[in-house]
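All of the numbers you see were taken from the coordinates with simple rules; none came from a lab. Note that the structure is a prediction, hence the values are computed from the model and not measured. Cβ atoms come from the backbone with ideal geometry, glycine included; neighbour counts cover every protein chain shown.
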Amino acid sequence: MKFKNYLLVFGLAVAVGFSSCKKDNDDDNTTSKPAPKVEMSSNSNGEVISIPANVSTNIQNDQNLYQLSGAVSNINAVGSFLTALNSVPENAEVTNRSTNSSVTYHWTYNFEGGSYEYWYTVEESGVNYNLTYEIAVNSEDLTIPRTTYIEGWVSQTPGNGHLQFNFDAFTSGTTNYNYVYEWDTNSIGTFHLTVDWNVDDSQYGYYAGMHYVAYVYADGSGQVDYSYTDQNTAYLYHYDWNADWSIIHWSYSINGTQEGSGTWPEA
């Protein structure tokens, strides 16, 4: 589908945009106020779920572990996005709006004849940060006026948040393409995350969706359920593990009928 090529262009734009920038002007606003650090959880590596070595060394040899690894990678992706949001260039133009505790960081990056312009706004709202990330692209392959790519909120103390990623501007036709991440932490330390990925292209009669639900408990045990719909077929996978990951249970269903289940390592 055409949108895949556009997303490759966009992915490169984001990567280079966060790594360095060109100042738009040399006024006093470029003496920056650092962007507040936003985090998903208190894990130092920014991951929601960390697969230990005793499991990861077996991933290539076990199809069910491989499937679990893929689900975990997609769940952890939001942590990577937040890491990028914490990498605003030091010389970005800064606009302060004291009336609503909002700060906008603005910078431009030129790459291989293309111009990529960014606006990242952080607003303090009670115990949360409201976030808006915008981008404009002017390149040989893609021209996009200023559009919102990321919007949502993250708690100032890591543990709660809601972010939506909008890809529509980077796609062709009438594709409705977005990712939504939502997470919370309860009083006993249980971390709960839901992820929805949606691609709905009415022009071509195509729909694909993925839904993840993850729980990570205070002792390190947890579970992941993920489902996806491809045209008229619905798939559901379940995984759960104990505190040291020495036992993993798995099962999967197709269109509501269980097709398989088992444990790792096999008894």
Given charges at beta-carbon only (K, R positive; D, E negative), |dipole| of the range 97-141 in Debye | 280 debye
Relative to a virtual label point 7 Å from the Cα of S115 in the Cα→beta-carbon direction, which members of the range 134-176 show backbone nitrogen distances below 13 Å?
-> 136-140, 143-146
With R₀ set to 41 angstrom, the calculated FRET efficiency between the beta-carbons of E266 and T83, to the nearest 0.05, is 0.65
Label model pair D240, D168: point-to-point distance (7 angstrom along the Cα→beta-carbon line) in nm is 3.9 nm
Determine, for each peptide in 149-156, 211-218, the mean count of other beta carbons within 10 angstrom over its residues, then list the peptides with the highest first.
-> 149-156, 211-218
Overall form of the range 88-168 per C-alpha gyration tensor (a/c, 1.5; a/b vs b/c) = prolate
Which order results if M210, M40 are arranged by neighbouring Cβ count within 10 Å, fewest first?
-> M210, M40
Give me E39, E112 ranked fewest to most by other Cβ atoms within 10 Å of their Cβ, as a rough exposure proxy.
-> E112, E39
For the range 228-238, 3J(HN,Hα) per residue [Karplus equation, 6.51 cos²θ - 1.76 cosθ + 1.60, θ = phi - 60°, Hz, x = Gly/Pro] | 8, 10, 10, 6, 9, 10, 10, 10, 9, 10, 10
